[in-house]
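**Student:** Sharing a structure with you now.
Any read-out appearing in this document is the output of simple, stated calculations on the displayed coordinates, not a laboratory observation. Quick caveat, the model's predicted, so the values are computed rather than measured. Here the Cβ is made from the backbone with ideal geometry for all residues, glycine too, and neighbour counts use every protein chain on show.
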Amino acid sequence: MSTLTIQEQFNDYISLLSEVHDIDQQLEEQINEVEIFNLREKRMYRKNRLKLLKAQLIESLSKLGTRYPIHNYLASKTTYIWVEDKKLQIAYY
């Protein structure tokens with residue numbers, strides 16, 4: 001179980017998603033094979049962290065059993081997150 005609040009876990013999750021997206025864009029722009037390899041390594045590391053963070057978030061939310069309102073700083077909206085069938089669910093309002 002994570003020692004971070006659900007809001008902090010979600011912020012980390014969104015931040016990593018954004019970083020993976022940025023790396024994917026950088027990969028599309030690269031011609032240099034060394035740079036491509038380095039970017040793929042960065043992306044793989046972040047995707048692995050993302051899986052771990054998502055599992056921790058699911059575990060934390062499962063204990064609550066209800067929809068949890070958080071602030072999604074990328075969307076600048078209130079977002080509700082919850083777990084359904086051991087999967088993370090997200091709804092924007």
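**Student:** So what's the gap between the Cα centers of segment 44-86 and segment 5-36, to the nearest angstrom?
**Tutor:** 17
**Student:** Turning to a different aspect of this structure: Note the angle between two axes, namely the Cα long axis of helix 33-64 and the longest principal axis of the Cα atoms of the chain, as a number of degrees from 0 to 90, rounded to the nearest 10.
**Tutor:** So the helix axis and the longest Cα principal axis differ by about 10 degrees.
**Student:** Could you check which residue among GLU28, GLU19, GLU41 shows the biggest mean-square fluctuation in a GNM of the chain with a 10 Å Cα cutoff?
**Tutor:** For the chain, modelled as a Gaussian network with Cα springs under 10 Å, the answer is GLU28.
**Student:** For helix 6-29, what angle does its Cα long axis make with the longest principal axis of the chain, in degrees from 0 to 90 and rounded to 10?
**Tutor:** 20
**Student:** Right, something else. Here are several values of semi-axes √(5λ) of the Cα gyration tensor in Å: (i) 44, 14, 10; (ii) 29, 14, 10; (iii) 42, 15, 14. Which one was derived from the coordinates shown?
**Tutor:** Entry (ii).
**Student:** Residue farthest toward the positive end of the dipole of the chain, with Cβ of Lys/Arg at +1 and Asp/Glu at -1: which of TYR80, ILE23, LEU50?
**Tutor:** Result: TYR80, furthest along the dipole toward the positive end.
**Student:** Do you know the Lys pair count in the chain for C-alpha distances under 22 Å, with sequence separation 8 or more or different chains?
**Tutor:** 14
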